[in-house]
Amino acid sequence: MIFENLSLNLSSREALAIIILVLIITSIISFLMGKLVYRVNNQKQLKETRNDAIKRSRAVLGGQMAEQIAPFLPGFPCNAADVRFVGKPVDFVAFPGMAEGKNIEEILLIEVKTGSSKLSEREKEIRELCKRGKVRYVEYYFSADK
């Protein structure tokens, strides 16, 4: 062995002190390495989280822009002048024919979706109520005199 000719005359106290010193140094190195690994992993996770947030933000902004310009795009179900923006829980209410002075023969509730977005549970509920004819016209009169 490498240490064959090395003779150490250590007392048990000195040997114990060296062992404790080696344990302390090993503990400090382990702690610092763990901290470094944590920092690297944390930075990677932070970067991934930020990238995901940016991606989602862009999707939301793109969807909001699409909502605003949708009435002017080809294939929209009616004239842009017949549309009123609502926002929530549906994007638009439309009265086809109104802008040209024609008879309004139907009222449309229009929800704009982009990409792979899907209807929310509330939007699905509204769609089903429309399909079942559960839509009413209500007149509300307000008088400050009473």
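The values are calculated or read from the model by the stated rules, or taken from the named source; none is laboratory data. Small disclaimer: the values here were computed from a predicted structure and weren't measured. A quick note on method: Cβ atoms are made from the backbone with ideal geometry, for glycine too, and the neighbour counts reach across all protein chains shown. The area values use the complete protein model at the heavy-atom level, side chains included, leaving out ligands, DNA and RNA. Shrake-Rupley method; radii C 1.70, N 1.55, O 1.52, S 1.80 Å.
On a 0 to 90° scale, report how tilted helix 121-131 is relative to the longest principal axis of the chain, with both axes built from alpha carbons and the result rounded to the nearest 10.
With rounding to tens, the tilt is 20 degrees.
Kindly flag which residue pairs out of Lys44/Lys113; Lys55/Lys113; Lys113/Lys134 have an alpha-carbon separation exceeding 28 Å in this structure.
Lys44/Lys113
With each label point set 7 Å from Cα along the Cα-Cβ vector, what nm distance links Ile29 and Leu73?
Label at Ile29, label at Leu73, 6.1 nm between them.
At 1.4 Å probe size, with every protein chain present, just tell me what the per residue accessible area of region 1-143 comes to in Å².
Result: 88 Å² per residue.
Once the dipole of region 29-93 is set up with Lys and Arg at +1 and Asp and Glu at -1 on Cβ about the Cα centre, which of Val37, Val90, Ala66 lies farthest towards its positive end?
Looking along the dipole axis, the top candidate is Val37.
Quick one: pull the percent of accessible area on the chain belonging to carbon and sulfur, 1.4 Å probe, ligands and nucleic acids left out.
Solvent-exposed carbon and sulfur of the chain make up 60 percent of the total.
Could you give the dipole magnitude of region 72-123 about its Cα centre, charging the beta-carbon of Lys and Arg +1 and that of Asp and Glu -1, in debye to the nearest 20?
Value, rounded to 20: 180 debye.
Going by accessible area, probe 1.4 Å, with all protein chains left in place, what is the ranking of Tyr137, Tyr38, largest first?
Greatest to least solvent exposure: Tyr137, Tyr38.
For every helix of n ≥ 4 consecutive DSSP H residues, a contribution of -39,500 (n - 2.57) applies; sum these over the chain, divide by its total residues, and give [θ] at 222 nm rounded to the nearest 500 deg cm²/dmol.
-17500 deg cm²/dmol, from helical runs alone.
By how many degrees, 0 to 90 and rounded to 10, does the Cα axis of helix 12-69 deviate from the longest principal axis of the chain?
Taking the Cα atoms of the chain, the angle to 12-69 is about 10 degrees.
In nm², what is the average projected area of the convex hull enclosing the Cα atoms of region 19-83?
Averaging across all directions leaves 5.9 nm² for the Cα convex hull.
Please report, in whole Å³, the volume per residue of the convex hull around the C-alpha atoms of the chain.
Normalising the Cα hull of the chain by residue number yields 319 Å³.
Between Lys102 and Ser57, what is the spin-label point distance in nm, taking each point 7 Å from the Cα along the Cα→C-beta axis?
If labels sit at Lys102 and Ser57, their model points lie 4.4 nm apart.
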